[in-house]
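Just below is one structure, and these are the notes that go with it.
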Amino acid sequence: MKKQVLVTGATAGIGAAIADRFAKEGCRVIVTGRRKERLDAMTERIKHEYQVEAIALNFDIRERQEVEDAIDSLPQEWKNIDVLINNAGLAAGLDPIHEAKIEDWEQMIDTNVKGLLYISRKIMPLMTGRKKGHIINIGSIAGKQTYPKGHVYCASKHAVDSLSKAMRTDLLPYGIRVTQIRPGLVETEFSLVRFKGDEEKASKAYEGYQPLKPEDVADVAYYATTLPDHVTLNDIEITPTVQANSFIKNI
């Protein structure tokens, strides 16, 4: 039987590419996000294009009750989730820390850290009960290095790094694999969100070089799940060839 996969933040970018990649391989997919129209369109396209089952869960991952109600609403046959992909995340603002907007901090912490915890807390017991599962957390190279004006975004991704290690430790007795993927520069809506919808500023973030595509990260996520049960890819850093780390780029 093909795997059953739940992807958070699946309405665009890396999340959408991951949902597509697993569906292409015949997996049943659960896509989640805040934009209902996009979710509905995605599930219909996946079912038509890949001939697999797909359902959408529309909720805001920052709202604990919405997360719990959404997972509880799943039909029983959809609760045997083999792969949880914690992709939902964002960066808001690019001001120095002493001038940053507190609402930006709260949005990043609520999404990148608390949201990941809320959904994981609902899914992990479904995996431990079966002694089977794979959790993939989409972190960032910012989870290892802190760059200027990155402050709370970097801190939130450092938290994802730490939580990935904690999950790996506490879930070890249940045979559950935990993989963190830490991309560098990927061309998605990331910059558009960070610059509050300013398309001109966002477009300049990817000028003059070839960034990663969401499909590149999706390929790595899928590959991590294809390895034998005794093999786990714990921590994967992936960058475009022009990028050495958060600070050094050949641009």
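What follows draws every value from the coordinates through simple rules; no lab data is involved. Quantities reported herein were computed from a predicted structural model and do not represent experimental measurements. Virtual Cβ from ideal backbone geometry, glycine too; neighbours counted across all protein chains shown.
Report the local net charge at LEU126: Lys and Arg +1, Asp and Glu -1, summed over other residues whose C-beta lies under 12 Å from its C-beta.
+4
Taking every pair of alpha-carbon atoms in the chain, give the share separated by more than 34 Å as a whole percent.
12 percent
Sort 93-103, 43-53, 9-19, 74-84 by packing, meaning the average of other beta carbons within 10 Å per residue, with the highest value first.
My ranking of the peptides, most packed first, is 9-19, 74-84, 43-53, 93-103.
Rounded to whole Å, give me the distance from the Cα center of region 142-216 to that of region 40-68.
22 Å
Residue separation times 0.36 nm, minus the C-alpha to C-alpha distance between GLN145 and GLN65: what's the value?
Difference between extended and current length: 25.5 nm.
Are there any chymotrypsin sites (Phe, Trp or Tyr not before Pro) in region 156-251 that are in a DSSP loop and have at most 14 other Cβ atoms within 10 Å? List them by number.
For chymotrypsin sites (Phe, Trp or Tyr not before Pro) across region 156-251 that sit outside H, G, I, E and B with at most 14 neighbouring Cβ atoms in 10 Å, the list reads TYR209, PHE247.
Which net charge results when you count Lys and Arg as +1 and Asp and Glu as -1 among the other residues whose beta-carbon is under 10 Å from that of ALA205?
+1
Of all DSSP beta bridges located in the chain, what percent are antiparallel, nearest 5?
In the chain, DSSP labels about 5 percent of beta bridges as antiparallel.
Could you tell me which of the pairs LYS24/LYS144; LYS122/LYS204; LYS79/LYS213; LYS157/LYS196 are separated by over 29 angstrom between their Cα atoms in the structure shown?
As for pairs spanning more than 29 Å Cα to Cα, those are LYS24/LYS144; LYS122/LYS204; LYS79/LYS213.
Can you give the extra length, in nm with one decimal, that the chain gains between LYS24 and LYS204 once fully stretched, where that is 0.36 nm per residue apart less the Cα-Cα distance?
Difference between extended and current length: 61.6 nm.
THR169 to ARG35: FRET efficiency via 1/(1 + (r/R0)^6), r the Cβ-Cβ distance, R0 25 Å, to the nearest 0.05?
Efficiency computed from Cβ-Cβ geometry: 0.10.
Taking the chain as a Gaussian network, where each spring joins two C-alpha atoms under 10 Å apart, which residue of GLY139, GLY115, GLY26 fluctuates the most?
Between GLY139, GLY115, GLY26, it is GLY26 that shows the largest mean-square fluctuation.
Over all alpha-carbon pairs of region 88-175, lay out the pair-distance distribution in 10 Å bins, whole %, shortest bin first.
17, 44, 25, 11, 2
Contour minus end-to-end for ARG45 and TYR223, with contour as 0.36 nm per residue of separation and end-to-end as the Cα-Cα distance?
Taking 0.36 nm per residue and subtracting the Cα distance, the gain is 61.8 nm.
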